[in-house]
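Reviewing the structure listed below.
Computed from the coordinates by the stated procedures, all read-outs in this text should not be read as laboratory data. Small disclaimer: the values here were computed from a predicted structure and weren't measured. Don't worry about glycine lacking a Cβ; one is built from the backbone with ideal geometry, like all the others, and counts go over all protein chains shown.
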């Protein structure tokens, strides 16, 4: 990490950094896995990091999430979160030949902007497709009581978002307030969970461009590694239970290798976001439209066709 400036502000370490790898070289490293030698610095303390233009790269705070809400989230989502999916694309290395069939424990709940292949088949068979391609996810529908118990932690993340990155939050909340298709009382439409998942270097797409990405982690058992890194700046963050990381997810980022010290250890990562197409396709729709649309989707589905 090349530090341009380092200072202390109210117990927060503030860095201004510049790129160690230029854009052309970084492009060649996309969709590849990181090695520990790719990263110089791991942050495990309260810190803000800005680039040379003064743009926020990341904001990290230790032990700010509620323990009871963390436990409730984990207990109610972990079985669902361990389902394997092949839908993570380049973040799992699937654009590389050796990873074309790779499946990982990465899942979503809330609302999504594409029909599953099973849904498409059912719609075609029944000769009817809902008017907008937005769906309530299976977890919400099949496990409504468990879903409700995840909300307190998501609201904690939303509240920290409003306090720690208020400019981005204000824009995202304004957009979220235009749709009923969202996590109640938050600026998020969608939540992604990942279990023991090491991503390749990638940039997020599909989320609200003017917002700020976030990451929370719940750990069970002992592991090391899996730090969330920005390889272009050779910097990483060790996010652990109770911590929150807000970051520019449109910058290249990835995880270092995860090493399980206990064979059954779990690193559950949680990302909450406003999915752009969910918002665009449903903004300003009435509550009645929301209820009718969800009812239509549920009536057209079977238990076997929704992921």
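Of note:
- Cβ-Cβ FRET estimate between residue 85 and residue 283, R0 fixed at 25 Å, reported to 0.05: 0.35
- Residues residue 209 and residue 145, FRET efficiency given R0 of 51 Å [Cβ-Cβ distance, rounded to 0.05]: 0.90
- Across segment 2-300, the relative contact order, built from alpha-carbon pairs under 8 Å that are at least six residues apart, equals 25 percent.
- Degrees separating the helix 287-300 axis from the principal Cα axis of the chain, which is the longest one: 70 degrees
- Inter-part distance, segment 246-281 to segment 218-234, computed on C-alpha centroids, equals 11 Å.
- Theoretical FRET efficiency, 1/(1+(r/R0)^6), r = Cβ-Cβ of residue 129 and residue 78, R0 35 Å, to 0.05: 0.55
- Value of relative contact order over segment 151-269, rounded to a whole percent, pairs C-alpha under 8 Å and six or more apart: 30 percent
- Ranked by the mean number of other Cβ atoms within 10 Å of their residues, highest first, the peptides 160-172, 268-280, 123-135 come out as 268-280, 160-172, 123-135.
- Each residue, residue 240 and residue 174, gets one label point 7 Å from its Cα in the Cβ direction; the gap between the two is 3.9 nm.
- Separation in nanometres of the label points that stand 7 Å from Cα toward Cβ, at residue 53 and residue 224: 3.8 nm
- Extension gain for residue 13 to residue 114 (0.36 nm times residue separation, less C-alpha to C-alpha distance): 32.2 nm.
- Between helix 166-176 and the chain there is an angle of about 10 degrees, using the helix long axis and the longest principal axis of the Cα atoms.
- When every Cα-Cα distance of the chain is counted in 10 angstrom steps from zero, the calculated P(r) takes the values 6, 26, 35, 23, 8, 1, 0 percent.
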